[in-house]
Amino acid sequence: MRPADVHSRPEDPASDETAEGGATLAEIARAAGVSAPTVSKVLNGRADVAAATRTRVEELLRRHGYRRRRGASQQSRMIDLVFHELESSWAMEVIRGVENVAREEGLSLVLSESAGRLMPGQTWVDGVLARRPAGVILVLSDLDAAQRAQLTSRDIPFVVVDPAGDPGDDVPSVGATNWQGGLAATRHLLELGHRRIGVIGGPSRMMCSRARIDGYRSALESAGVAADPELVREGDFHHEAGHAAGLELLRLPEPPTAVFTGNDLQALGLYEAARELGVRIPEDLSVVGFDDLPLARWVGPPLTTVRQPLTEMAEAAARLVLDLGRGRRPAASRIDLATSLVVRNSTAPPAA
């Protein structure tokens with residue numbers, strides 16, 4: 001990955017830019033009781049503006065529906081990519097997809113992490129305003145209304161990949177058919193003859209996790225199998241959560257004969273729990289993951305999983321955000337790419 005280029009920018013001609021609602025920056029400056037250059041500093045994400053002044057100016061920009069005229073300022077040749085966490089191979093697949101498009105377009109990539117928070121802080125927003133990227137891609141993250149308004153007023157497009165919550169119809173987003181994936185994983189286990197099927201989901205606050213669990217429940221219901229709350233565990237999409245939940249499930253008086261995990265990392269944690277307890281996969285326990293990370297092919301036995309096209313999702317998001325920056329509006333604000341079941345050696349009919 002190439003380091004981000006550094007671009008120098010002249011100060012905006014603040015006095016003659018006009019909001020879509022008709023107000024000029026000079027008029028916004030008078031309403032805020034500050035100079036036009038101060039409004040320009042706020043627009044450019046400069047740090048040398050008092051917090052109270054910045055808040056007052058931002059509120060006026062939102063109230064007047066200000067949006068910088070396309071081409072009125074120089075954008076940098078970069079894409080901002082922000083994750084809530086960067087520590088897994090899942091993130092590497094997304095980075096690969098965005099980098100593929102960035103390379104084609106001659107753009108650099110700037111990576112940020114919000115330290116596990118589902119919404120980046122204002123410091124990150126200020127950095128984006130100062131960098132003026134060609135676009136922003138947020139992964140498993142979101143922006144609040146004020147942050148969205150700040151990017152929109154500077155004509156910085158943004159797209160959310162796999163949004164944590166419902167981003168709303170006005171926020172472009174790219175995801176996968178998570179419900180269908182959970183349905184396919186559970187149906188596969190049912191078709192093998194399993195009836196006592198556990199699940200280790202992801203955080204309930206995340207929309208993708210809830211959709212996968214809903215797919216699991218729908219498959220059971222369609223097969224006439226009652227969902228047992230005792231077999232449902234909530235994880236956090238990390239290996240450790242899969243291990244802890246796996247131990248709980250496998251130590252039940254009547255343990256499951258199969259488990260669907262909300263992602264591949266939790267499946268690996270379940271593998272570890274099974275080894276510790278002397279449970280054989282797939283002879284004693286069938287396991288299905290979700291994501292189809294490269295490591296799913298390398299573990300023993302190779303993991304049956306639901307393929308989530310992470311690289312393709314990231315490529316779609318990068319192309320979408322660049323199209324938005326060029327003034328092209330998508331036919332739909334939400335793009336969902338298809339998931340598919342990849343059957344390997346971690347699933348088998350239950351033991352007699």
Counting just the Cα atoms, what span does region 260-302 cover along each of its three principal axes? Round to the nearest Å and put the largest first.
26, 18, 15
When averaged across all projection directions, what area in nm² does the alpha-carbon convex hull of the chain cover?
19.1 nm²
Using alpha-carbon positions, the gyration tensor of region 73-145 gives root eigenvalues a ≥ b ≥ c; with a/c under 1.5 called rounded, otherwise prolate if a/b exceeds b/c, else oblate, the class is oblate
Would you compute, from DSSP H runs of 4+ residues alone, the mean residue ellipticity of the chain at 222 nm, taking -39500 (n - 2.57) per run and dividing by the full residue count, rounded to the nearest 500?
-12000 deg cm²/dmol
Karplus-derived HN-Hα couplings along region 306-316 (A = 6.51, B = -1.76, C = 1.60, θ = phi - 60°), whole Hz, x at Gly and Pro
9, 6, 9, x, 4, 5, 5, 4, 5, 4, 4
Of every hundred units of 1.4 Å-probe accessible area on region 160-308, the number belonging to carbon and sulfur atoms, as a percent, is 50 percent
Cα axis of helix 178-191 to longest principal axis of the chain: angle in degrees, 0 to 90, nearest 10?
10 degrees
Rolling a 1.4 Å sphere over the protein heavy atoms, what is the accessible area per residue of region 178-308, to the nearest Å²?
39 Å²
Starting at the first residue of region 92-99, write each ³J(HN,Hα) from the Karplus equation 6.51 cos²θ - 1.76 cosθ + 1.60 with θ = phi - 60°, in whole Hz, x for Gly and Pro.
5, 5, 5, 4, 4, x, 5, 5
I'd like to compare 245-251, 336-342, 223-229: which one has the highest average count of other Cβ atoms within 10 Å, and what's the full order after that?
245-251, 336-342, 223-229
Expressed as a whole-number percentage, the relative contact order of the chain with C-alpha contacts under 8 angstrom and at least six residues apart is 16 percent
Taking Cα atoms, the helix 207-222 axis meets the longest principal axis of the chain at an angle in degrees (rounded to 10) of 30 degrees
Defining a contact as two alpha carbons under 8 Å apart and six or more residues distant in sequence, what relative contact order in percent does region 178-308 show?
25 percent
Which whole-number value in Å³ per residue fits the convex hull of the alpha carbons of region 279-328?
63 Å³
Rg (Å, one decimal) plus Dmax (Å, integer) for the alpha carbons of region 178-308?
12.8, 35
Förster radius 41 Å - calculated FRET efficiency between E105 and A351 (Cβ-Cβ, nearest 0.05)
0.15
Pulled fully out, how much extra length does the chain show between S35 and L252, if you take 0.36 nm times their separation in residues and subtract their Cα-Cα distance?
71.3 nm
Counting only backbone N atoms under 18 Å from a point 7 Å out along Cα-to-Cβ of A223, the residues of region 140-184 in range are 179-184
Part-to-part distance (alpha-carbon centres) for region 192-250 and region 142-188, which is given in Å
23 Å
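The values are calculated or read from the model by the stated rules, or taken from the named source; none is laboratory data. Keep in mind that this is a model prediction, so the values were computed, not measured. Every residue, glycine as well, gets a Cβ built from its backbone with ideal geometry; the counts of neighbours run over all protein chains shown. These accessible areas exclude ligands, DNA and RNA; they are computed on the full protein's heavy atoms, side chains included. Shrake-Rupley method; radii C 1.70, N 1.55, O 1.52, S 1.80 Å.
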